[in-house]
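Trainee: Encoded as C-alpha cells, here's the structure I'll be asking about.
What follows draws every value from the coordinates through simple rules; no lab data is involved. Quick caveat: nothing in here was measured; it's all calculated off a predicted structure. Reconstructed Cβ throughout: ideal geometry from the backbone, glycine too, with neighbour counts over all protein chains shown.
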Amino acid sequence: MIFKIYNFLISPVTKLINPVKKNEIGKLKKADVWIHCCSLGEVMAAKSLIDELLSRNKKIFLTAFTSSGLNKAQELWGEKIQILRFPLDEKARIMRIISRVSPEIFIDVETELWPNMLTQMRKFKIPAFLVNARISEKNYRRIKYFKKVFRMLLSIFVRIYAQSAADARRILSFGINPDKIKITGNLKYDSVDIEDRASREGLGIESSSFVITFGSIRSKEEDQIIEAIFQLLHKLEDIYIIIAPRHLDRVDIIKTKLKRKSLDYNTRSTESYPQKGKVFILDTLGELREFYSISDVAFVGGSLEDYGGHNIMEPASFGIPVLFGPYISNVESIAYYILKSKGGMVVRNVHELVEEITRLYQRDGLRRKMGQNALKAIVQKQGIAKEIIQDIEDTLSYLPPQS
C-alpha cells in the first residue's frame, strides 16, 4: 500500500520532468554490475570499487542523480563504463533499464534508497548490495519515524557494508538481520591519492612560510573564521592565509566582511598566487585539494555550526594536522578515527581555533608528528574496495541459483 501511494504521487512528476529519454535507455548494453550513486561525493566513494571491478574485466553501468556526479563519472571513466542519469525512480524506466542492462548484481552507494529501483531488483532476482552505508545521527532522528518503510527497503539488500559501528547499530535498529551487516569502513579512504600534491613554488609561496587553509567554510561560521584570521594575522609572522567558501555565491559577502575588519585580500580568479599579510580567497572550483597539499595546518568547515562537517580525509591525506569543530555528524566515523589517531583536534570557538593554530605554529615537532599520524591513519584504512568485492563474491557463491 505504501509503495502504491508513492507511485501515485511520483508518477505524474516523473512523466513531466524525467531527465532520461526512452531512446537513451534503448542504447544501453549488457553490463555485469549496475552501480548507483547520488552525487559527486558518492561517485568519488565508488571510485576505488569501480576501478577494482574494471581491473577484473567487469562491465559497469553507473547511474547518478546530479549533474556533478555525472560529470565526475564521465571525467574519471569516459567510455570505459556506461553512464546514465538516474530516471527519477520511474518504475517503467527502471524496468526497461533492467531488461536492457540485465546486471548480475546491483550496488547502491551510501544509503540512497529508491523504492522502485530496489523493489524491481527484488522482482528480477538481482542480488543487491549496499556499500559505504551510513545513517548520521541527525538523519536517523528524522527517518526513525518511517521505520517500517526503511526496514522493507533495507531488507532487500543481500549484504550491507557499513562505514562504522555506529552506522551498523542504526541500521540494525530497523530490524535488519545482523548477519547481513558487515563493518568495512569508508570507501573514500581508498580514493585518496597521497602522492598527488602541488608545489609551493608553483603557487608562489615561500617554502619556509607557514600556510593555513580554512576549507569548505559555511555562511554561519564565516564571522568566527574571519575573526580568527584577524587575530592570527596580528599574532603570527610570515604566514599565508587561504579561505575557501563551500559555496562561491558567498565570495562577495566574505569580501565585505574582510573589508569591515580592515583585512586586505586577493582572489584566485584575479591573482594567481597568495600573498603574505593578505587573505587569499579561493573563489574557483576544484582547487581546494591543491591548497590543502601545500598547507601546514587545515581547518575543515561546516563544523563550527550545525552543518555536519565536510571532508576531513582530504587534508589528512597530505600529512598535516586537521582541525574541525564539534558538529561532525556527516563525517562522524572519520573524525573520531583521526582524533583517536592523534592526527587532528576539535576546536569549539574562535579562541580555541586561534590557540591551537598558534601552538602548531610554535611547536614544529608537534605539528609534524600530528601530520604523520593523520597520514598514517589514512594509509592504514586503504584496501576496503578489495575487501568488499571479495565478500560480494563469497556471498554470491552461497546464494541459491536465481531462476
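Trainee: Once R0 is set to 45 Å, what does the formula 1/(1 + (r/R0)^6) return for the Cβ-Cβ distance between Asp252 and Tyr398, expressed as a FRET efficiency to the nearest 0.05?
Mentor: Once rounded, the FRET efficiency stands at 0.15.
Trainee: Something else: At a Förster radius of 51 Å, what calculated FRET efficiency corresponds to the Cβ-Cβ distance of Lys259 and Ala165, to the nearest 0.05?
Mentor: The pair Lys259/Ala165 has a calculated efficiency of 0.60.
Trainee: Let me check I have the definition right: for the range 128-250, take the eigenvalues of the Cα gyration tensor, multiply each by 5, take square roots. What are those semi-axes in whole Å, largest first?
Mentor: 43, 20, 11
Trainee: Out of Lys255, Lys235, Lys381, any idea which swings most in a Gaussian network model of the chain, alpha carbons joined below 10 Å?
Mentor: In the Gaussian network model the winner is Lys235.
Trainee: Gain in length, Gln275 to Phe146, computed as 0.36 nm per residue apart minus the alpha-carbon separation, to one decimal in nm?
Mentor: Here the segment from Gln275 to Phe146 would lengthen by 41.2 nm.
Trainee: Just order 272-283, 292-303 by mean Cβ neighbour count inside 10 Å, highest at the front, would you?
Mentor: 292-303, 272-283
Trainee: Which aspartates and glutamates, on any chain, are close to Lys30 with Cα under 14 Å apart, when same-chain ones fewer than 8 places away are left out?
Mentor: Those aspartates and glutamates meeting the cut-off are Glu104.
Trainee: I'd like the distance between the alpha-carbon centres of the range 70-86 and the range 184-241, rounded to an integer number of Å.
Mentor: If we compute the Cα centre of each part, the gap is 31 Å.
Trainee: Helix 222-235: angle to the longest alpha-carbon principal axis of the chain, degrees 0 to 90, nearest 10?
Mentor: Long axis of 222-235 versus the principal axis of the chain: about 30 degrees.
Trainee: Normalised by the residues of the range 242-292, what does the relative contact order come to in percent, with Cα pairs under 8 Å and at least six apart?
Mentor: That works out to 41 percent.
Trainee: Relative contact order of the range 201-381: what whole-number percent is it, with Cα pairs under 8 angstrom and at least 6 residues apart?
Mentor: In percent, rounded to a whole number, it is 21.
Trainee: Between 0 and 90 degrees, rounded to the nearest ten: what's the tilt of helix 364-381 against the longest Cα principal axis of the chain?
Mentor: Helix 364-381 sits at roughly 10 degrees to that axis.
Trainee: Output the direction-averaged projected area (hull surface divided by four) of the convex hull of the alpha-carbon atoms of the range 255-348, in nm².
Mentor: 6.7
Trainee: Show me, for the range 199-216, the HN-Hα J-couplings you get by feeding each phi into the Karplus relation (A = 6.51, B = -1.76, C = 1.60, θ = phi - 60°), rounded to Hz, glycine and proline as x.
Mentor: With coefficients 6.51, -1.76 and 1.60, one gets 10, 5, 4, x, 9, x, 10, 5, 5, 8, 7, 9, 10, 10, 10, 9, x, 6 Hz.
Trainee: Let me ask something else. What nm distance separates the two modelled labels at Asp306 and Val379, each placed 7 Å from Cα along Cα→Cβ?
Mentor: Taking the two extended label points, one gets 4.0 nm.
Trainee: OK, next. Nothing charged except the Cβ atoms of Lys and Arg (+1) and of Asp and Glu (-1): what's the magnitude of the dipole of the range 252-403 about its Cα centre? Round to the nearest 20 debye.
Mentor: Dipole size: approximately 800 debye.
Trainee: Go ahead and run the numbers for FRET between Leu172 and Val346, Cβ-Cβ distance against an R0 of 35 Å, rounding to 0.05.
Mentor: The value I calculate is 0.80.
Trainee: State, to one decimal in nm², a quarter of the convex hull surface area for the C-alpha atoms of the range 201-381, i.e. the direction-averaged projected area.
Mentor: Value for the range 201-381: 9.2 nm².
Trainee: Please compute the contact order of the chain in relative form: average sequence separation of alpha-carbon pairs under 8 Å and at least six residues apart, divided by the residue count, as a percent.
Mentor: Relative contact order here is 13 percent.
Trainee: Another question, then. Please compare each pair in Lys340/Lys386; Lys235/Lys278; Lys220/Lys278 to a cut-off of 20 Å on the Cα-Cα distance and tell me which ones are over it.
Mentor: Going by Cα-Cα distance, Lys340/Lys386; Lys220/Lys278 fall outside the 20 Å limit.
Trainee: Could you point to the label whose value was computed as Rg and Dmax of the Cα atoms in Å for the structure here, given (1) 25.8, 80; (2) 22.9, 72; (3) 21.7, 85?
Mentor: Working out Rg and Dmax of the Cα atoms in Å from the coordinates points to (2).
Trainee: Right, here's the next one. Output the peptides 65-73, 145-153 sorted from most to least packed, where packing is the average of other Cβ atoms within 10 Å over each peptide's residues.
Mentor: So the order, starting with the most tightly packed, is 65-73, 145-153.
Trainee: Please give the length that would be gained between Ser55 and Leu366 if that part of the chain were fully extended, namely 0.36 nm times their separation in residues minus their C-alpha to C-alpha distance (nm, one decimal).
Mentor: 107.9 nm
Trainee: What angle do you read, to the nearest 10 degrees and between 0 and 90, between the alpha-carbon axis of helix 2-17 and the longest principal axis of the chain?
Mentor: Result, in degrees: 70.
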